[in-house]
Amino acid sequence: MSLRASAMSVLPPVRKDRIIAQLPQYFSKEAAFHTQKDFNDKVKTACQEQRTGTVGRFKISKVIVVGDLAVGKTCLINRFCKDAFDKNYKATIGVDFEMERFEVMGVPFSLQLWDTAGQERFKCIASTYYRGAQVVIIAFDVTDIASLGHVRQWLEDSLKENDPTAVQLFLVGTKKDLSSPAQYSQIEQDALKIAQEIRAEYWAVSSLTGENVKEFFFRVASLAFENNVLAELEKTGPRQIGGVVRINSTSNNVSASSKKKQPNCCQ
Ligand SMILES: Nc1nc2c(ncn2[C@@H]2O[C@H](COP(=O)(O)OP(=O)(O)OP(=O)(O)O)[C@@H](O)[C@H]2O)c(=O)[nH]1
Ligand SMILES: [Mg+2]
């Protein structure tokens, strides 16, 4: 469904298991976006008073998922969005796209999830979709130290297209089911260090068992929502109309990003 079509059509109610009333907690205190127990007070008040800027309209954050080939980006999204898992590897060619709807403190909110290709030959197409992301999820495989080593490169590539100060970063270790507790705790130390350095919130998940997958996406949705409303509150007030202008230009960015910058490096 295109962004425009879904925004214009009348949407059915949000699924009951996509309703977020309280801020979900972080995975690790050492690498958390913030450690507050509850949503920001200003955001809570705005939701209670329905002053979130886009109530009744289409409130949305763009999320891109990047990382080495076969680390499990597609499986992570499929586990959450479709509650499915495929043990056979099918490389993502360019990008795939999922829209996931939530309700946060009574306010409709969507995550536009862009599942990008990790394979070098498709990276160039995929990178044209990085633009305008509010959230960047960098995935690595907890059984493959090399994939953790490439995290900084993925960060650099994804931030080239975005405002680094505005982006919320997550570092996600995948395939937790494949590593023993001893192996896992070893790689976790390195992962936490990198997460702290790049200011990312750290999570470890398994798409095979589903461990932490829902918790992770609820945390992403909640923090993205919080950020989105705070940005909206900064814009509104003296210049009410500013909010409207900004929202329009954001959605234009999202839909225009695919047309922008046609690369000629992908053969
Ligand atoms: N055991 C286990 N295997 C997993 C898990 N997640 C993914 N896999 C397997 O890892 C392989 C790659 O998964 P994908 O999700 O396709 O990887 P990707 O990161 O999307 O790969 P590209 O699209 O090429 O970038 C598949 O064979 C999956 O079944 C997991 O949590 N546990
Ligand atoms: Mg994939």
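Laboratory data are not the source of any read-out in this text; all were calculated from the coordinates shown. Just so it is clear, the model here is predicted, and its values are computed rather than measured. For neighbour counting, all protein chains shown are included, and Cβ atoms are generated from backbone atoms with ideal geometry for every residue, glycine included.
With r defined as the distance between the Cβ atoms of Leu178 and Phe97 and R0 fixed at 30 Å, what FRET efficiency is calculated, to the nearest 0.05? Display every interim value, and only then the final one.
Details: r = 28 Å, r/R0 = 0.92.
Approximately 0.65, to the nearest 0.05.
Using DSSP to define loop residues, name the GluC sites (Glu not before Pro) in region 107-213 whose beta-carbon has at most 12 other beta-carbon atoms within 10 Å. Don't skip to the end; give the middle numbers.
Details: sites: Glu120, Glu156, Glu161, Glu188, Glu197, Glu201, Glu211; in loops: Glu161, Glu211.
Within region 107-213, no GluC sites (Glu not before Pro) qualify (loop, at most 12 other Cβ atoms within 10 Å).
Divide the volume of the convex hull around the Cα atoms of region 114-155 by the residue count and you get 79 Å³ per residue.
Would you kindly work out the equivalent ellipsoid of region 56-136 from its C-alpha gyration tensor and give its semi-axes, the square roots of five times the eigenvalues, largest first in whole Å?
On the way: eigenvalues 119, 52, 13 Å².
Whole-Å semi-axes of the equivalent ellipsoid: 24, 16, 8.
First select every other residue whose beta carbon is under 12 angstrom from the beta carbon of Gln119; then total the charges, Lys and Arg +1, Asp and Glu -1. Write down the numbers at each step before the final one.
Working: positive: Lys73, Lys90, Arg121, Lys123; negative: Asp68, Glu120.
Every neighbour counted, the sum reads +2.
Across region 1-160, the volume of the C-alpha convex hull divided among the residues equals 145 Å³ per residue. Among the trypsin sites (Lys or Arg not before Pro) within region 89-197, those in coil by DSSP and having at most 16 neighbouring Cβ atoms inside 10 Å are Lys90.
For region 61-88 versus region 30-48, the spacing of their alpha-carbon centroids is 27 Å. Pairwise Cα distances in region 66-208 exceed 25 Å for 26 percent of all pairs.
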